[in-house]
Amino acid sequence: MKKIVYTVCSANHLAHCKTMANSFILFNPGYELLIVLIDQVNERFNLSSFDPYKILEISELNVPDFDLMAAQYSVIELNCAMKPFVAQWIFKQYQPDLLLYIDSDTWVFSSFEGVENSLLENDLVITPHFTHPYPDNHLLPRERDILRSGLYNAGFLGMRNTANTHDFLSWWAGHMKSECYYNFAEGMGVDQIWINMVPLLFKRVQIDDNPGLNVAYWNLHERKINEKEGDYWVNQDHRLVFLHISGYQFNEPSNISRHQNRYSFLDHPVLQELFAVYVTQVKENGYDFYSALSCAYAIPKKKSRGIMKTLNQMIRPLGIKISDL
């Protein structure tokens, strides 16, 4: 069985990306790992330093309407928008049986065998942000914050090479052309908000509620990490598969994530120990150098986005969008 895992990132996140890649392959050696750079190398660093992982610049994939998307999206929006296009390209070029997407700010602790088993019977595997209510509605994140940003986390996705999966990717990519931006007032939460509809629109979708998957600030109210004889477990009896270290800032090491005020490391001492090790590994993988690099596609967006929005409003009565032209 041919298995590939991929991620997307800009150059400033390459130290995180290498840390994720090393941890993933350590526990999942049967995968080929691809890093798609939503950026340009421009001789700023040596790609051979990432061996054995393959790095591809997004320009090599010839994504349709890429220049149009780069002109209207911020760097993070553009990274999010590229996920389905990259998956389509990988399926076409490599023909894997299984394809996983994983964000660069994750850290893997064990095998993805459970996900693979799910993909023997399902075409898509997604993970919910949480499965138990928050104990209150005044600390962050709140349940309404999850509603507006998406019920499922788009930092991980499992896919099997089937017609159903290709239909999903085509549908998702269609929305990414002009509807992958942050505007919560409009109900827009980049690529992630669209995953809400996937279990309704597509067949054989597994909502994997394994507590060991996608442990992050948004589900710490229901998941506690402990260590037993060198292995890490969630809620005592579920192996920790991966942490999603979202919103953690190296210059604020006492804060689990800038997106929350619900918990501190005092509530999660094992997590604090793990974050300290993670920071050390990311720094050893070149954090100081890569984090200072700017993205080649980081151009002023406000004016271009305003023009795009105005033009879309003008032609909306015709039943088309700029991205359709």
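Stretching Lys224 away from Glu273 to a fully extended chain increases their span by 16.3 nm, per 0.36 nm per residue minus the current alpha-carbon distance. Only helices enter the 222 nm calculation for the chain: every DSSP H run of n ≥ 4 contributes -39,500 (n - 2.57), and dividing by all residues gives -10000 deg cm²/dmol, rounded to 500. Mean sequence separation of contacting Cα pairs (under 8 Å, at least six apart), scaled by the length of the chain, corresponds to a relative contact order of 23 percent. A cut-off of 5 Å between modelled amide H atoms, ignoring neighbours fewer than 5 places along the same chain, links Met188 with Asn183.
Rg over Rh for region 171-253 works out to 1.07, using Cα positions for both radii and the Kirkwood form for Rh.
Cα convex hull, region 1-63: 85 Å³ per residue, rounded to a whole number. A crude spin-label estimate for the pair Arg258 and Asp65, with each label 7 Å from Cα along the Cβ direction, gives 3.0 nm.
When DSSP beta bridges are restricted to pairs lying wholly in the chain, around 50% turn out antiparallel. The candidate values are [x] 0.95; [y] 0.97; [z] 1.08; the one derived from this structure for Rg/Rh (Cα atoms, Kirkwood Rh) carries the label [x].
Label-to-label distance, Ser111 versus Asn210, with points set 7 angstrom from Cα along the beta-carbon direction: 1.0 nm.
For the options Arg160, Arg204, Arg144, a Gaussian network treatment of the chain with springs between C-alpha atoms closer than 10 Å singles out Arg144 as fluctuating the most. In a solvent-free Debye calculation with one equal scatterer on each Cα, what is log10 I(q)/I(0) for region 54-176 at q = 0.13 Å⁻¹, listed in the order of the q values? With one equal scatterer per Cα and no solvent, log10 I(q)/I(0) is -0.65. Starting from the Cα of Lys224, draw a straight line to each of the aspartates and glutamates and keep only those under 17 Å, dropping any in the same chain fewer than 8 residues away. Leaving aside aspartates and glutamates fewer than 8 places away in the same chain, those within reach of Lys224 are Asp209, Asp237, Asp267, Glu273.
Let me know the shape class of region 135-199, please: from the alpha-carbon gyration tensor, a ≥ b ≥ c as square roots of the eigenvalues, rounded when a/c is under 1.5, otherwise prolate if a/b is greater than b/c, or oblate. The shape class here is oblate. Model label sites at Phe27 and Glu121, defined 7 Å from Cα along the beta-carbon direction, differ in position by 2.3 nm.
Computed from the coordinates by the stated procedures, all read-outs in this text should not be read as laboratory data. Treat the numbers as computed from the prediction; the structure is a model and nothing was measured. Reconstructed Cβ throughout: ideal geometry from the backbone, glycine too, with neighbour counts over all protein chains shown.
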